[in-house]
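Remarks on the structure that follows.
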C-alpha cells in the first residue's frame, strides 16, 4: 500500500481511534448482564439496525479490495454488488423476522441458539458453532492484518518501528478493539458500528463525487477506458475479463449466501421492537448502496485515469483506492476516507470478536449439554482469547490466514444459509437435514477453496471444477441440495413435532 | 400453495445450479443464470408465504423475477456488452440502472406495504414463551 503518512491523516486516524475508545468507556458502564454483552440489551432501533448491519457486513474489502478487483477484472466484479437490490428484503422475509421472533419467545443471543431452538438438536447447533468459530478466527485474522497494514501506512510506523512496524500496527488496532469490545461487549459494538457505519457512508459518497469529477462523469470514464489499448472496452463488458461462471457465482454467493452471515444476522436479534422490521430492508439497503458507491466510483475511475495518463499503471490492483485518495481528493476527504476504511475494518472485526467468544462460551458448551457460569466474565475473557488467537495465527500463518479469510464469507454462506433460510420457514426440515447441510457446506467449501488456492503442497490436485467456477457457489448449491434431499428422503417419519412457541413463530 | 411452489422451485434450482457450476458446457450458463435469479425469488416467496398464500406479493415477486431473469438473459445474449447507451455499453447500463435500483425500490416497497405483525400475534407469542418458561 502507498504510504499515507501525512500530518492531517495521522491526526484523523488518532482522532478516530480516540472517539471509538470514548464510546467504549461510555458503553462499559452500560454493560451489566450477558444480555447486554451478547445482544446490546436488545435495544436497537431500525435505523440504527440498518447502519450497524451494513457496517458489520462491509469490511475493508469494499474500500480497498473492491476497487482493486474492478481494476483487475473490470465490471464483472460488480456482480458481487448487484444483489444489494434485493438482499435486504430477502434477509427481512427469509430470516430476520423469524430470528427476531425466536428471540421474543426464547433466550436467543446467537445464531446457534436460534438453530438449537428451531431443531432441538445440540448436534445441529454445535456443528454450526464449530463452523462459525473456524470462519470467525480466519475472518478476524484477515481484518487484523488489514488493520495493522493500514495503521502502519498512515502512522508511518515503518520509520519508527522498523521491522516490527506491522506488529505495532496490529497491536495498536487490537488494543483499541479489545478495549471497547471486552469492556462494552455488543453495547460498545453497536454504538461504535453506528459511528463507523456513518463515517463509511459519508466518506463513500464524498469519494464517489470526487471520482466522477476526476474522471469527467460516467461517460467520460467509459470513453477513456474503452479507448485505451491497456484496458479497452472489454473492461466495461460484464463478462469481458472474467468467465461467465465467475460472475454468476459472485451473484449467487453474495445474493443468497448473505442469509448465512452470522455477523449480520446477529444484529437482527438486537432489535428492540420486532414490528419495526417493516423498515429494515429500506434502511439496510440504502446504507449498503451508499457505501458501495466508493467501489463503483474508484473502481472505474482509476483505470480511466491510468488510460488518460494521469496515474501510472498500478503495480498492485489493491493500490487503486489509496493512490486515488492521495492524488485526486482534498486532504480533508482523504482523512475522512481513511477513517472510513478503519471503520469498515474495525466494525467487522468487533462483530466477529463477539460471535467468536459467544461460540466458545455459550454455543459449544451448550452443544455438550453444559452451561458456563458467570457468562459475562467468561465472555469478556473469551473475546480477548479469540482476538489474540486470530492475531497470533495471522502472524504465524500469514498466508494461510489470508487464504482462509478470503473464503470465510463462502463458508458461512454454504454452512448456514440453507439451514436458516429454509429451516426457519419450512417445518418439515429435520435436524438431520440441517446438520448434514451445515457439515456439507463447511467441509466442501473449505476443501475446495483450499485445493483451489493453496500453494503449500504442490502434489495436491486442483479441484475438479470448470474454469472460473467458484468453490463457494458450488458448495452453497450443494448445501441447499443436501438439505432438500435429506428432508425429502426422511419424509414425514423424520419430522419431530415442534414445540408450540416455535411452531407459532414459524406461522406468524 | 405458494410455499409449495417456492419449495419446488428451490428443489429444481439447487441441483440445477450445482450441475451448472460443476460442468463446463456453454448451454449450462443459461441454466445457471436462470437458477441464480430464481433462487432469491423462491426464498422470498417461501419466507413471505403465510398459510400457503403470498398475501398480495404474487405480482411484485413475478415482476422481480422478470427483471432479474430477463436482465441476466439479456446480459448473456448481448455480444460484447451491446451498443452504447448514455455513453456506456448497454449491458453495463442494465447492471447499473436496472439490476440494482429497480429490485430495490420494488422489494422495499413490497416488504413495507405487506409487512404484517399484529399486536395480538406478538402477545400470543410472548404468552407462549412465558408459558414455556413457567414449565421449565
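What follows is calculated from the coordinates using simple rules that are stated; it is not laboratory data. These figures come from a predicted structure and were not determined experimentally. Heads up, the Cβs are rebuilt from the backbone with ideal geometry, glycines too, and the neighbour counts pull from every protein chain shown.
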Under 20 Å by backbone N from the virtual spin label 7 Å along Cα-to-Cβ at residue B:73, the residues of the range B:98-114 are B:98-100, B:102-103
Restricting to Cα pairs under 8 Å and 6 or more apart, the percent relative contact order of chain A works out to 30 percent
Tilt, helix A:431-453 to longest principal axis of chain A (alpha-carbon atoms), in degrees rounded to tens, equals 30 degrees
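Please state the shape class of the protein assembly as shown: rounded when a/c is under 1.5, otherwise prolate if a/b exceeds b/c and oblate if not, all from the C-alpha gyration tensor.
Numbers: a/c = 1.58, a/b = 1.16, b/c = 1.36.
Verdict is oblate for the protein assembly as shown.
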Rounded to a whole number, the mean other protein chain Cβ count within 10 angstrom for residues of B:22-29 is 4
FRET efficiency (residue B:90, residue A:374; Cβ distance; R0 51 Å; to 0.05) is 0.25
Tilt, helix B:26-48 to longest principal axis of chain B (alpha-carbon atoms), in degrees rounded to tens, equals 20 degrees
Site residue A:209, offset 7 angstrom along Cα→Cβ, radius 12 Å on amide nitrogen, limited to the range A:333-364, gives A:333
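Given a Förster distance of 22 Å, report the FRET efficiency between residue A:493 and residue B:12 from their Cβ-Cβ distance, rounded to the nearest 0.05. Display every interim value, and only then the final one.
Values: r = 24 Å, r/R0 = 1.11.
According to the calculation, E is roughly 0.35.
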For the pair residue B:23 and residue A:503, the simple spin-label estimate (label points 7 Å beyond Cα toward Cβ) gives in nm 4.2 nm
Which of B:90, B:34, B:57 fluctuates most in a GNM of chain B (C-alpha springs under 10 Å)? That residue is B:90
Helix A:471-490: inclination vs chain A longest Cα principal axis, degrees, rounded to 10, gives 10 degrees
The FRET efficiency for residue B:119 and residue A:456, from their Cβ-Cβ distance with R0 = 60 Å and rounded to 0.05, is 0.55
Mean 1/r over distinct Cα pairs of the range B:54-96, inverted to a Kirkwood Rh in Å, yields 11.5 Å
Descending packing, highest mean Cβ count within 10 Å first, for A:21-30, B:42-51 is B:42-51, A:21-30
Quick note on A:427, A:366, ordering by fewest other C-beta atoms within 10 Å, gives A:427, A:366
For residue B:30 and residue A:392, extending 7 Å from Cα along the Cα-Cβ vector and measuring point to point gives, in nm, a value of 5.6 nm
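Give me Rg/Rg_expected for the range A:38-114, where Rg uses Cα atoms only and Rg_expected = 2.2 N^0.38 Å with N residues. Each step should come with its number before you reach the end.
Working: Rg = 16.1 Å, N = 77, 2.2 N^0.38 = 11.5 Å.
The range A:38-114 yields a ratio of 1.40.
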Extension length gain for residue A:159 and residue A:384 (0.36 nm per residue less Cα distance), in nm, is 78.1 nm
Mean separation of Cα contacts under 8 Å (at least 6 apart) over the residue count of the range A:346-445, i.e. the relative contact order in percent, is 21 percent
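Across peptide B:116-127, what mean number of C-beta atoms from other chains lies inside 10 Å of a residue's C-beta?
Numbers: counts 3, 10, 2, 1, 0, 6, 6, 0, 4, 10, 4, 3.
The per-residue average across the peptide is 4.
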Check: C-alpha center the range B:60-93 vs C-alpha center the range A:349-389, spacing in Å is 46 Å
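Could you work out the mean count of beta carbons from other protein chains within 10 Å of each residue's beta carbon in B:34-41?
On the way: counts 0, 3, 13, 5, 0, 9, 15, 2.
Mean shielding count: 6.
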Summing -39500 (n - 2.57) over every DSSP H run of at least 4 residues in chain B and dividing by its residue count gives a helix-only mean residue ellipticity at 222 nm, to the nearest 500 deg cm²/dmol, of -25500 deg cm²/dmol
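At 222 nm, what helix-only mean residue ellipticity would chain A give, in deg cm²/dmol to the nearest 500, using -39500 (n - 2.57) for each DSSP H run of four or more? Walk me through the intermediate numbers first.
Numbers: 23 runs with 355 residues, N = 508.
It lands at -23000 deg cm²/dmol.
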Distance in Å, no decimals, from the C-alpha centre of the range A:273-328 to the one of the range A:59-123 is 20 Å
Simple spin-label estimate for residue A:234/residue A:32, 7 Å along Cα→Cβ, in nm, reads 6.5 nm
